[in-house]
Structure formats: C-alpha cells, structure tokens
Amino acid sequence: MSDKFLGFGLGLRTQHFASVINDKPKVDWFEIISENYMVAGGKPRYYLEQIRANYPIVMHGVSMSIGSTDPLNFKYLAELKLLAEQVQPEWMSDHLCFTTVGGINSHDLLPMPYTQESLDHLTTRIHQVQDFLGRKMIFENVSSYLTYQHDEMQEWEFLAQLAQQCDCKFLFDINNIYVSARNHNFDPLDYLKHIKPEWVQQIHLAGHSDFGTHIIDTHDHPVPNPVWQLYAEYIATSGPKSTMIERDDNIPELNELLVELDQARTIGAKAWQKTLETTHV
Amino acid sequence: MSNNKQQLAPSLAELQQEFMSLLQTNDRHIELRVIQQGLLTNVQRVDIYRTGYRLRLRGVIDSDHEMLGIYLGDDLYAQMVEGYIDAAPSQHPSLRFFGDRLPEYLENTAPFSDHPILAEMASFERTLLNAFDSADADTLSLSLLQQIPADKWPLLTFSFHPSLTFYECQWNAVESWQCLKNAEPPPAPTATAQSKMWAVWRGLSKLTEYKSMLATEREVLRVMQQGKNFAEVCESLLEHVCEEQIAATLYGFIVEWLQRGWIVDANWDG
C-alpha cells in the first residue's frame, strides 16, 4: 500500500463526471465507491477510465462485510480484485463493520461489539482478505447509534489492538467519530489520541443531521463547524493525511464541494506547513 | 464484567442474527443487548437501524422503477415496496441488483398479480437497467459495407453488442411507460393476442435506447445471433418475405443495425 500523501480529494459522484472530465478541477485525487464500478461496462466505467487518466484514484468499498460471521464472499472479492487490477488504485478501503447475515445484505454498516471475540474474528478475516487481494487494506470507523452491553473495551482501544494484530491501517472518518461521540457521550479527542498517526492512512470529512438528542450520519450536508474543529485538532499533531470530502446524498454542484475542499486545504496548510516544506510533498 | 453478564453475552454470530432479525422482522430482542445512556431510549436507538434499512431499500426501488411508481400511485406503490422488501431481501453485495426479483414478485403477489401489465412494466425497467451497464464492445460503422467483397456476402456473419437484448410483452407496458416518461397519462391496459417485441440496447452515446420490432427483423436477428450466415438467413426469410425482396430487406436491416451500434464484428471468411 502506498504511504504517500495524496493531498485533498473528493468522492467521485456520477453527477460530476462531465465537469471532472471537461473542466479538470483542482482536486488532487478521487475516491470511487468500488461496488458502483463492479459492472461489466457502460457509462460509469467509461467515465472512470477517462478520469483515471488525469487523477489518482482510491477505491472505497461498502460490502466486504469484514466483521460478519458469514463466510467471506470470495466471488465479491474476486470481482473487487479484478476492478483493482483495472483501476490500479493508490489503495483500497472498506468499513469495520458487518453488513451481511445469513447471506442477506443489510446494505448498512452495522456496528461490531468491541470484544476479544470480535478482535480475533476480524484479525483472521483481514489476513485472509489481504492475502487474497495481494495488498493491504485500510478500514474505516463507522458511526453508530448503539453500543452493546457486553462490550469489553472502548472503540478506540479496539482499533488500537486491531492495528497491532492485523498490520492494517485506518481511514478515519472525522464526522463518524463526532457522530458516535455525541450519540454515546464520549470525548472525540479521547478517541483520536489513542490511535497512532502512523496507523491512519486517510481522512473523510462529511456532514450529518443533528436532532439535538442524537445525530444521524447522513453524509448529505456540508461539513459542519464541530467536524472542521475536530479535524483541525487532529491534524495539528497527526502530520499530513490524505483528506477528502465525502458527500453521499443531496449532491451539490461540484463548485460547492471545491469550496469545502479549499477549506480543508487551508486547515491542512496551517497544520502541516513545516512538514510539507521539509518533505516537499 | 461480571460472570453473570458474561453468561448472558451473546456470541458474535448470535448478536448478528439478532440484528438482522430486527431489520427484517422487527424482532426487538436486540434492544436487550444495548447500553442505555443519554437522551435516547434503546427502542429509539434500534429503530434508527430498522428505519434506515427500509428507507435505503425503498430508495433503490424509487430510483430503478420510477415510472412503475407513478403508474401504481402512492398507496399501491408503498404496499408493493414494503411487501417486496420483506419478500425478497437483498442477497447481492450491490444494491444495483436488489430489484431483480421485482417482476417475479408482481407476477405472483396479489393484488399486483391481478394486473399483469405491472410485472411487464417492472421487467421492462429491469431490461433498461441491464442494458445501461452491460459489457462494452467497439462497434462497426457503415463503412463496413464497402469492405465486404461482393462474392463474400453469402458467407457474412455478425457478432452483436452485448447490451442488445429483446423484450417481449403481451400488454401495452412499454407504451404506458413511455407516456409516463413524457408526463402524459398512460392508456388503459390492454393485451394483444400476439406478443410485442422490443429491442433494448445501449446506444453510441452510452444512453439506453429501445424500439419496437417487427416479427421479420426479430427472426433475422434470432437466426444471425445463432451464427448463421447471410445465405442461411435469406433462406430462413423465404417464409416471411417474397424472394426478390429478401436481399434488399436484409441490407436495410444491416444498415440500421450499424447506425444503432448493434454490430461489433463481421466475418466473411467462412
């Protein structure tokens, strides 16, 4: 897996295909949802090929179901591997969660219990997947609305142990950490300070819907101030991390996302000025 | 953690099954597994997942079957979606395939099965979706016709674009779909004694296209897709077209197929 700092990217969405190809906007890299391109052909693959010629791509999956007790879906993994061979992404990610049970796909990122059993289960499966794909995976923290009574550790303790056991890295969704922190009443900085910066490969920034009593991780709003603040606090000590804006619904015009991306750049430049000057990244 | 709590703790597999039971059958057992904290009750916490599951799947049907939704109207559409989510849970990693069993559901489930046009309309929308992201292939242009030596025409065979499929229906499903697409009221459902044939394909602009087909053209395509050559196709047409018009009819078809991007390879070496 490449460790390089890619800069500031966007999630590639179909609504922006034409703008990205015709206008070549100032975006350092794009992240694709892998499953959207695991089709035989047609428009998505056609546009991706053209965009790939101009931008680095990372692949982000939603259906690996790495935490499920179902058998690994090797048909899916073979298709994912084939796509990776065609796209040649900088790296590939999925989520630390389960999505399938008994062969049924929830199409949701369901939270794992933070237990030793989960750790052992994930460790085995992550090794199997990495061996099959022939590359390291990175895994994203999911937002959650519940925690389990039989949890044996905090989420950040769970991640720290997993990083040490699996030699995998994390995609930190700062919004997801903020959402879970509000929903479960913990300090997001406690979370962040337990994860070594070298374990974090990439950062997602996104928005949510705040209902006062709880937050739903909708990824359909601009990045709100508390998430920007948390991002700034994290990267002040983490060093340069490839960062992107992830919008999954209510997709705005590309220009609107570029403004948000510039905001991330400004925060990053302030935090990483010295590092970037010395490493010329 | 107390021993008592350890005894009560579910295995990972049990917990995941309980979670899926919540999503699929609204079995609330998993509420007992959840830590009570803050302003949200456990009922509310698990409801977020249950509601999200159904909304997500409904969104897929909304997007894939927009015209069917308009045709049904809000109440029947909601009944269809809720029933389908329960009857045909997703078994594929991609939501793209969630609606694949919708035509079958409509065909076999009352009250929708009383109106066969519904299953046909759903099937047509699935056919359009399949053409949208089927495999790519370079297509041949009209200049092909100048490259074929005159004495080789009898040996000519074609390969067709992978997106080209044929859709057959008894009811006026496509005409109704088309009216709805144009924001016009659909005609009353009517069936014809002989089924109607439609070609569906992804055009040169990467957009999905469709057209009705006469029996003659469908027969020619059926024979050519079997790998039969021009001479054999001419022979098969003797039942449908008078002999002196066969070559011109076939030539006309081939010109149209090339213009639509249906032909991806031609061979006249035998």
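Only bridges with both residues in the protein assembly as shown count here: give the DSSP antiparallel percent, nearest 5.
Details: 23 of 50 bridges.
Bridges in the protein assembly as shown are about 45 percent antiparallel.
Can you list residues whose amide H is under 5 Å from A:GLU31's amide H, if they're 5+ apart or on another chain and H is modeled 1.01 Å from N?
A:LEU10, A:GLY11, A:LEU12, A:VAL58
Helix-only mean residue ellipticity at 222 nm, chain A, DSSP H runs n ≥ 4 weighted -39,500 (n - 2.57), per residue, nearest 500. What is it? Mind dumping the intermediate values first?
Numbers: 9 runs with 118 residues, N = 281.
The per-residue figure over chain A is -13500 deg cm²/dmol.
Using amide H atoms built in the peptide plane, which far-off residues or other-chain residues are under 5 Å from B:ASP27 H to H?
HN-HN under 5 Å from B:ASP27: B:LEU22.
What is the average number of partner chain Cβ atoms found within 10 Å of a Cβ in A:241-251?
Values: counts 0, 0, 0, 0, 0, 0, 0, 0, 1, 0, 0.
Mean number of neighbouring Cβ atoms from other chains: 0.
Would the range B:1-61 count as rounded, prolate or oblate if I go by the C-alpha gyration tensor, calling it rounded below 1.5 in a/c and otherwise prolate when a/b exceeds b/c, oblate otherwise? Numbers along the way, then the final one.
On the way: a/c = 3.41, a/b = 1.70, b/c = 2.01.
Because a/c hits 1.5 or more and a/b fails to exceed b/c, the range B:1-61 counts as oblate.
Would you rank A:TRP156, B:TRP153 by solvent-accessible area, highest first, keeping every protein chain in place and using a 1.4 Å probe? Intermediate results must be reported in sequence, preceding the final value.
Values: A:TRP156 20, B:TRP153 45 Å².
Solvent-accessible surface, decreasing: B:TRP153, A:TRP156.
With θ set to phi - 60° and the Karplus curve 6.51 cos²θ - 1.76 cosθ + 1.60, what are the ³J(HN,Hα) couplings of the range A:212-228 in order, to the nearest whole Hz, using x for Gly and Pro?
Calculated HN-Hα couplings, in order: x, 6, 6, 10, 9, 7, 8, 6, 10, 10, x, 5, x, 3, x, 6, 4 Hz.
With θ set to phi - 60° and the Karplus curve 6.51 cos²θ - 1.76 cosθ + 1.60, what are the ³J(HN,Hα) couplings of the range B:256-266 in order, to the nearest whole Hz, using x for Gly and Pro?
5, 5, 5, 5, 8, x, 8, 9, 10, 7, 9
Checking an interface number: how much accessible area is buried between B and A, summed over both chains, with a 1.4 Å probe, in Å² rounded to 100? Intermediate values should be presented prior to the final figure.
Numbers: alone 15380 and 12860 Å², together 24280 Å².
The contact between A and B buries close to 4000 Å².
For a quick check: with amide H placed at 1.01 Å from N, whose amide H comes under 5 Å from B:THR208's, ignoring anything fewer than 5 positions away on the same chain?
B:GLY203
Carbon and sulfur together cover what percent of the accessible area of the range A:8-279 at a 1.4 Å probe radius? The partial results should precede the final answer.
Numbers: 4970 of 10260 Å².
Of all accessible area on the range A:8-279, carbon and sulfur atoms account for 48 percent.
Cross-link partners among aspartates and glutamates for A:LYS193, C-alpha distance below 18 Å, same-chain residues fewer than 8 apart left out?
A:GLU140, A:GLU155, A:GLU157, A:ASP173, A:GLU233
So which lysines pass the test for A:LYS75, namely a Cα distance under 20 Å, with those fewer than 8 places away in the same chain ruled out?
Once the sequence-local lysines are set aside, what remains near A:LYS75 is A:LYS136.
Taking B:LYS228 as the anchor, which lysines have their alpha carbon closer than 16 Å to its alpha carbon, excluding any fewer than eight residues away along the same chain?
Of all the lysines, those that pass the test against B:LYS228 - Cα under 16 Å, at least 8 places apart if same chain - are B:LYS152.
For the range A:8-279, what is the percent of antiparallel DSSP beta bridges, rounded to the nearest 5? Each step should come with its number before you reach the end.
Values: 5 of 32 bridges.
Roughly 15 percent of the beta bridges in the range A:8-279 run antiparallel, per DSSP.
Run lengths n ≥ 4 of DSSP H only: what is the helix-derived mean residue ellipticity at 222 nm for chain B, with -39500 (n - 2.57) per run over all residues, to the nearest 500? All intermediate terms of the calculation are to be shown ahead of the outcome.
Values: 12 runs with 137 residues, N = 270.
Computed mean residue ellipticity for chain B: -15500 deg cm²/dmol.
I'd like to compare A:168-180, B:50-62: which one has the highest average count of other Cβ atoms within 10 Å, and what's the full order after that? It would help to have the intermediate numbers written out before the result.
Working: A:168-180: 24.5, B:50-62: 16.8.
Output ranking for A:168-180, B:50-62: A:168-180, B:50-62.
Please report the orientation-averaged projected area of the protein assembly as shown, defined via the convex hull of its C-alpha atoms, in nm².
On the way: hull surface 120.0 nm².
Projected over every direction and averaged, the Cα hull of the protein assembly as shown covers 30.0 nm².
With a 1.4 Å probe and all protein chains left in place, how much accessible area per residue does the protein assembly as shown have, in Å²?
Details: 24280 Å² over 551 residues.
With the other protein chains kept in place, the protein assembly as shown gives 44 Å² per residue.
Quick check: the distance between the Cα centres of the range A:76-129 and the range B:194-242, to the nearest angstrom?
Computed from Cα coordinates, the inter-centre distance equals 45 Å.
Tally the DSSP beta bridges in the range A:1-118 and give the antiparallel ones as a percent, rounded to 5. Kindly include the intermediate steps, with their values, before the conclusion.
On the way: 3 of 12 bridges.
Taking every DSSP beta bridge with both residues in the range A:1-118, the antiparallel ones total about 25 percent.
Expressed as a rounded percentage, what relative contact order does the range A:75-176 have, with Cα pairs under 8 Å and six or more residues apart?
Worked out over the range A:75-176, it gives 32 percent.
Cα-Cα over 31 Å: which of A:LYS43/B:LYS211; A:LYS81/A:LYS241; A:LYS24/B:LYS211; A:LYS241/B:LYS206?
On the way: A:LYS43/B:LYS211 21 Å; A:LYS81/A:LYS241 25 Å; A:LYS24/B:LYS211 37 Å; A:LYS241/B:LYS206 37 Å.
Pairs exceeding 31 Å: A:LYS24/B:LYS211; A:LYS241/B:LYS206.
The values are calculated or read from the model by the stated rules, or taken from the named source; none is laboratory data. Model, not experiment: these values are computed from the prediction. Here the Cβ is made from the backbone with ideal geometry for all residues, glycine too, and neighbour counts use every protein chain on show. Ligands, DNA and RNA are excluded from the accessible area calculation, which covers all protein heavy atoms including side chains. Shrake-Rupley method; radii C 1.70, N 1.55, O 1.52, S 1.80 Å.
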